[in-house]
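Inspection log for the structure reproduced underneath, given as structure tokens.
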Amino acid sequence: CHSVVSVKPQLHSVSFPVAEKKKTELCQELSLQARDLRFQHSTSLTARNNCIIIRMASLKAILTPQSLLVLDFRGLGLDRWLVLELAPQLASQSHSLPFEFRALEAVLQHKLNTLQTRLNDVEPVILDTLESLVDPKILSADRSKLHILLQNSKSLSELETDIKVFKDSLLKILDEDEIIEELCLTKWTDPRVFEESSLGIDHAEEMELLLENYYMQAEELGNKTRELKGLIDDSESVIFINLDSHRNVMMRLNLQLTMGSFSLTLFGLIGVAFGMNLTTAFEDDPRAFWLVTGFMFLGSGLIWRRLLSFLGRHLEPSILRPVRKTLSSVCFSYHSKSLHRSVHAVSSL
């Protein structure tokens, strides 16, 4: 059985009768085939026998010229949307177009709002995590931050896929004029509406404009998602540069200490020679110890200095842009593009 809520517009309100119906009952009532109610695709808009079968992720609905049937809505968080958002949109009397336009617009707006909410959830977390990871003062990447970034990157990839599926479903309809005509349900059932259409109100054109509007909004949302993924890729390069820089510093310090050890070991052979228990007249001199020790340290220092000079000539450090400035420039570019798109959208309206 399916839990079905039938959303029907009345004079100044909307009724929400709820009933439990079997699939066979729905098929007989709406003159549909059983395969039409399988909802195989995650996102789809299909016209069947003067009905529009809608699947938007968890939302399953059947749109008729008189009502919107929402199936299996319990436990999916759709109750708030049905009462607070869908009801006012369907009860509005300012819309001059038939009922299916208002209902379809409400469903598409719900889908777009869901995608926008998911983007708003991951965007600030990703930006904050990237800001902390590219800090030039850190010597190693925080594993917990990397884990958070990995989880949100996966969520962002899933969101990008869902946006693409939503856009493809709309584009498939926009490419077929016959499908757009089939979505205009009232045009074929109400002679008055058909007469208005023949007088200049082209409902197929209005339906196409409606779908194009939400396709463009989904396109803008997809652009934001791709730019955020590009920011992650750019910041990943910055993180690697930062870690490589610290690694190079440690390797350089290790090389300098190795050169110092080599210098001390080289002139330490003099001390080894005096420790061979061989008797000479030189060890009887009270100044011999200080002379030999001073010569050892002086020679070791000179050799170490020459080695450091050689290292400085052949291993000059590369000049890199500060990583924080790099991230700042990338973030500024990201927000600038978002602002440009918003201004363009407002100007187009």
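The numbers here are math on the coordinates, done by the rules we state, and not lab data. Computed from a predicted model, the values in this text were never measured in an experiment. Please note: Cβ atoms are built from the backbone with ideal geometry, for glycine as well, and neighbour counts cover all protein chains shown.
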Could you tally the net charge around residue 236, taking each other residue with its Cβ under 14 Å from the Cβ of residue 236, Lys/Arg +1 and Asp/Glu -1? -2
Quickly rank 218-229, 22-33 as a protection proxy: mean count of other C-beta atoms within 10 Å, highest first. 218-229, 22-33
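Expressed in nm to one decimal, what extension gain is obtained for the pair residue 83 and residue 265 from 0.36 nm per residue of sequence separation less their Cα-Cα distance? Please report the intermediate quantities before stating the final value.
Numbers: separation 182, 0.36 × 182 = 65.52 nm, distance 8.42 nm.
Contour length minus the Cα-Cα distance gives 57.1 nm.
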Too long at a 28 Å Cα-Cα cut-off: which of 111/154; 22/154; 22/111; 60/172; 8/111? 22/154
